[in-house]
1. If you keep only loop residues by DSSP, which chymotrypsin sites (Phe, Trp or Tyr not before Pro) in segment 269-321 have at most 14 other Cβ atoms within 10 Å of their Cβ?
2. Once the piece of chain linking Trp130 and Arg261 is laid out straight, how much longer is it, given 0.36 nm per residue of separation minus the C-alpha distance between them?
3. Say R0 is 41 Å: what FRET efficiency, to the nearest 0.05, do Asp114 and Ile157 get from their beta-carbon distance?
4. With Kirkwood's inverse mean 1/r over C-alpha pairs for Rh, give me the Rg to Rh ratio of segment 26-131, two decimals please.
5. Given a cut-off of under 8 Å on Cα pairs at least six residues apart, what relative contact order in percent is computed for segment 202-312?
6. Can you tell me the mean projection area, over all orientations, of the convex hull of segment 170-307's alpha carbons? Units nm², please.
7. Enumerate the residues in segment 247-277 having an amide nitrogen under 19 Å from the point lying 7 Å beyond the Cα of Ala237 toward its Cβ.
8. So if each residue of separation counts as 0.36 nm, and I subtract the Cα-Cα distance between Arg46 and Leu66, what length gain in nm does that give?
Amino acid sequence: MPPVWTHLCTLCPVTADAAASLVPIWPVFVRPVLEVLSGGGTLSRREITKRTLDVAGLSVEARDELMDSGHPRAENRVGWAITHLSKASWIDRASRGHYRISDAGRTWYEQNPDGLSDFGTAHRLFAPFWPKRERTTDTHSVVVDEIEADVDPVEQIENGIARAKADVVDALLDRIRTSDPDFFEQAVVDVLLAMGYGGTEQRGKRIGGTGDGGVDGVIDQDALGLDQIYVQAKRYADGHNVGREAIQAFIGALHGLGASRGVFITSSAFTQGAREYARAIPTRIVLIDGARLADLMIQYRVGVQVKQTYEIVEVDEDFFE
């Protein structure tokens, strides 16, 4: 394994883990899609998706949930339901991007008022409509269903990447928690510089050590150093959480320097009391725990390197117009 280390709102947490998704799995959307089309007529894919989310009663939070690609997760899962229904010929494609319900789809809709709620039933229901393909192993060939997964392929890729990322996060945390304290202080400065703080000239440095005045690093936001962000870095083991007293000491150091904002970074975590205190005081303090630090390292490529990239393509409808 290679060596680990080779604007304030940006430091705030981003989207939640897909495992805690508020969006139902795609089979749940099968019946709502058919319900939207059951009145007859032809609707565009966009309109079907919009009405399906309304019929399903999805909350604003669920509709706003994004995949790592930036695409709304709910729209993606409705799209996957539409794909299965089209494969089964339960909805017909009337024209490019427009669908209507078929007699087979209407029959299933009328006979299944409870719809679908699990992957297993959905797989058994739709697998016969997908083509078969032959998979060759070292010893023999077997025929398998083209539909092998329970989730959209894009989500499969993103879930796989998320698992790989979780492993890297664990490895990064292990490395930074066992590194030299001076090394950790420089590392957190490197992360902030990689995020764009300090400008193109990378105006930031570690100042930890004897006589550091209670801060471990400083970032100059302008060439003259008139606007500065001070950094406190605490390399602690997992479970050794930073408490309110440490935040108060950092605030005191900032006031002594005439500063009004800073970043406190630890390789462990913060107690609830520390977080509440940081939110309550007028001095702007951003708290970054070990998990968030590891995420930032990955996002801004500090201490990590890209192993492999993949491209996903789709049909360019404009080309065929």
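1. On the way: sites: Phe270, Tyr277, Tyr300, Tyr310, Phe319, Phe320; in loops: Tyr300, Tyr310.
Those satisfying the criteria are Tyr310.
2. Taking Trp130 through Arg261 to full extension adds about 41.3 nm, to one decimal.
3. Details: r = 31 Å, r/R0 = 0.76.
The calculated FRET efficiency here is 0.85.
4. Numbers: Rg = 13.2 Å, Rh = 13.9 Å.
On the Cα set of segment 26-131, Rg over Rh gives 0.95.
5. 20 percent
6. For segment 170-307, the mean projected area of the Cα convex hull comes to 8.4 nm².
7. What the label zone holds, given the 19 Å backbone N cut-off, is 266-271.
8. 5.5 nm
Rule-based calculations on the coordinates, nothing more; no lab input. If you're wondering where the values come from, they're calculated on a predicted model, not measured in any experiment. Heads up, the Cβs are rebuilt from the backbone with ideal geometry, glycines too, and the neighbour counts pull from every protein chain shown.
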